[in-house]
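Notes to accompany the following structure.
The values are calculated or read from the model by the stated rules, or taken from the named source; none is laboratory data. Just so we're clear, the structure is a prediction, and the values are computed from it rather than from any experiment. With ideal geometry, Cβ positions are generated from the backbone for all residues, glycine too; neighbour counts draw on all protein chains shown. Note: accessible area is taken over every heavy atom of the protein model, side chains too, but ligands, DNA and RNA are not part of it. Shrake-Rupley method; radii C 1.70, N 1.55, O 1.52, S 1.80 Å.
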Amino acid sequence: RVKPSKLPFVALDGLIACVSYFALTEVIGGDFIPNAIAAFLTAFAAEIFARICKAPTTVFLLPGCIALVPGGTLYYATSNFLSQNYVDAAKYLLTTVEVGVAIGAGIIIAALLRIVVFKLIFKNRNKT
């Protein structure tokens, strides 16, 4: 459950995910890089929104990443597998795994970057 006061930030995070994914797909193409960068931007925005709203990051991250989940390719993989078309099933399954890894990598990189940036900010604050 998301409190109504946080809904605009959740919606903005979802918008960041969709717009960045579609824009990067048009510019770069492929599956891995656009999903990784879109997940990174979504996760980094979720970190910022969490600090602004004083809420856990997952409140903003999970709804934002829903748009990136490769449901269509997983459906086609399952459908082709059940139709005994194993070559196409493997192709779609590989794409699904690739996108899942890209989303995970983008989230992890954003979390690591947040840790480094916050350490630098707080380290500089303690010196002054």
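Worth pointing out:
- In terms of the mean number of neighbouring beta-carbon atoms within 10 Å, the peptides 28-36, 85-93 order highest first as 28-36, 85-93.
- Which label in (1) 13, 35, 29, 16, 5, 1, 0; (2) 14, 44, 33, 10, 0; (3) 12, 34, 32, 21, 2 gives the computed P(r) over Cα pairs in 10 Å bins from 0, in percent: (1)
- Percent carbon-and-sulfur accessible area, the chain, ignoring ligands, DNA and RNA, probe 1.4 Å: 71 percent
- For peptides 110-116, 68-74, sequence by mean Cβ density within 10 Å, most packed first: 68-74, 110-116
- Per residue accessible area of the range 1-74, 1.4 Å probe, in Å²: 56 Å²
- Residue-span extension gain [A111 to V27] - 0.36 nm each, minus C-alpha spacing: 27.7 nm
- For the range 1-90, trypsin sites (Lys or Arg not before Pro) meeting the loop criterion (DSSP other than H, G, I, E, B) and having at most 12 other Cβ atoms within 10 Å: R1, K54.
- Folded to 0 to 90 degrees: helix 71-82 orientation relative to the chain principal axis, Cα: 30 degrees
- Between R125 and Y75, full extension at 0.36 nm per residue minus the direct alpha carbon distance yields a gain of 13.0 nm.
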